[in-house]
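The values are calculated or read from the model by the stated rules, or taken from the named source; none is laboratory data. Keep in mind that this is a model prediction, so the values were computed, not measured. As a convention, Cβ positions derive from the backbone with ideal geometry for all residues, glycine included, and neighbour counts pool all protein chains shown. Only protein heavy atoms, including side chains, enter the accessible area calculation; ligands, DNA and RNA are left aside. Shrake-Rupley method; radii C 1.70, N 1.55, O 1.52, S 1.80 Å.
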Amino acid sequence: MSITMLQEEIRRKKTPLALVLGPEAERISPRILRNFTEMYGESVMAKAEALRYHGCQMLDAVAEKLPAVVLKADAYLRYGAMGFDVLANLVGAAKARGLYAIADCRSAAAEPWLAALPQVDGVTVLPYVGTDACANAGDKAVFALVSTGNASASDVQRLIAGDRQLYVAAAEQMARQGAAIALEGAYALDIRDLRKKLDDTFFLLMDCDDQTAAYAFDDYGHGALVAESAIQYAEDAGGAAEQAVAEMKKWVTVV
C-alpha cells in the first residue's frame, strides 16, 4: 500500500526525485547556525535546533516540486535525544506538506523505527540479518539497503554466494518478502542487472546520477525513486530542485 502511495505521488509531481535531508550542521547556512548559537551557546541544542529550522525551510522549498523526502537518521541521532526529536518533528513536517517520508535508518529491523516514528511512510533496513528485518511492518514500506556506498562495503556485500554476489542474493530474498530495494552509489550495470532479475520491485537509488539511475525505470518512468543530496545545501533550494527535475527529465519521463 505504501509503495503504491509513493508511485501515485511521483506521477502527480511528474518526477521521481526525492530530497535528502541529513546535513552536517557545519555545512548549512552560517546565518542559521549563528542565530541558534547566539540563543543557546556552543551546544548540542544549538546544532539540533539549527537542523530543525533548516529542515523545515528545505521542506517548504520543495513541497510543491518533489514527491518525497529521505531523512538520514544518523545525521540527527548524533545529537542524542534532542536529535531524535528533530528527526520525528521533520517526519511530521514532511507529512503535513504532503511529502512521502522515508527514514533512512539502516537498522536490522523495521519494527522499532516504525513504532518510534509512526507518521513515517517507510524505513530502510540492512538485510544481512535475514528476513526478520522486514517483519511486522504492516502497511509501511521497507526498503532493503542491499548495497551501500561506504569504502569497505564490498568486503561483505560483493562476496560470492553460490553463482552471484551476496548483495544480489540479498535483494532477491528481500523482494520475495515484499520489500523495496535500496542501493547507494550503485553502478549502471548493477542497476541494470538487478532490474532484469526483479522486474516488479521498486528501487530507491541514493547518491546515483540521473543517467545511471535511468536503468531502474520502465518506459513510463515508473518503478524507482532517486534521492538527491545536493539540494539540501543549496542557497536557493527551490531553484535547485527545479534544476534537478529538469536534468532528470533528460533521462526519465514520468507518464
Completion exercise
Measure of exposure for Asp121: accessible area at 1.4 Å probe, Å² rounded to 10, is 10
Exercise for the section: Of the DSSP beta bridges with both residues in the stretch 23-169, give the percent that are antiparallel, rounding to the nearest 5. Expected result: 15
Completion exercise
Rounded to whole Å², per residue accessible area for the stretch 90-191 with a 1.4 Å probe reads 41
Problem - CD proxy at 222 nm, helix term only [per DSSP H run n ≥ 4: -39500 (n - 2.57); per residue of the chain; nearest 500] - result: -13000 deg cm²/dmol
Handout entry: Within the chain, percent of DSSP bridges classed antiparallel, to nearest 5
Key = 5
Fill in the blank from the handout: Residue separation between Ile160 and Trp251 times 0.36 nm, minus their alpha-carbon distance, gives in nm 29.5 nm
Practice task
Bin width 10 Å, alpha-carbon pairs only: give the P(r) of the stretch 171-239 as whole percents, running from 0 to the bin holding the largest distance.
Solution key: 20, 49, 22, 8, 0
Practice task
Run the numbers on the stretch 181-244 and let me know its relative contact order in percent, using alpha-carbon pairs under 8 Å that are six or more apart.
Solution key: 30
Completion exercise
Pseudo-spin-label distance Lys196 to Leu77, built 7 Å along Cα→Cβ, given in nm, is 3.7
Handout entry: Nearest-10 value in Å² for the accessible area of His222, using the 1.4 Å probe
Key = 50
Fill in the blank from the handout: Per DSSP loop assignment and a cutoff of at most 15 other beta carbons within 10 Å, the chain keeps its longest run without exposed chymotrypsin sites (Phe, Trp or Tyr not before Pro) at 1-186
Exercise for the section: Send over the per residue convex hull volume for the chain, Cα only, as a whole number of Å³. Expected result: 116
Fill in the blank from the handout: The relative contact order of the stretch 58-205, taking Cα pairs under 8 Å that sit 6 or more residues apart, comes to a percentage of 16
Handout entry: Among beta bridges that DSSP assigns inside the stretch 144-255, antiparallel share in %, nearest 5
Key = 15
Completion exercise
The extension gain from Gln119 to Asp139, computed as 0.36 nm times the residue separation minus the Cα-Cα distance, is 6.0 nm
Practice task
Over the chain, with every protein chain in place, what whole percent of the accessible area is carbon and sulfur at 1.4 Å, could you tell me?
Solution key: 49
Fill in the blank from the handout: Of the stretch 214-245, those with amide N under 16 Å from the point 7 Å along the Cα→Cβ vector of Asp207 are 226-233
Exercise for the section: Give me the accessible area of Cys134, 1.4 Å probe, in Å² rounded to the nearest 10. Expected result: 20
Completion exercise
Each label sits 7 Å from Cα toward the beta-carbon; between Ser43 and Ser29 the label points are separated, in nm, by 2.3
Fill in the blank from the handout: With the 8 Å Cα cutoff and a minimum separation of six or more residues, the chain has a relative contact order in percent of 21
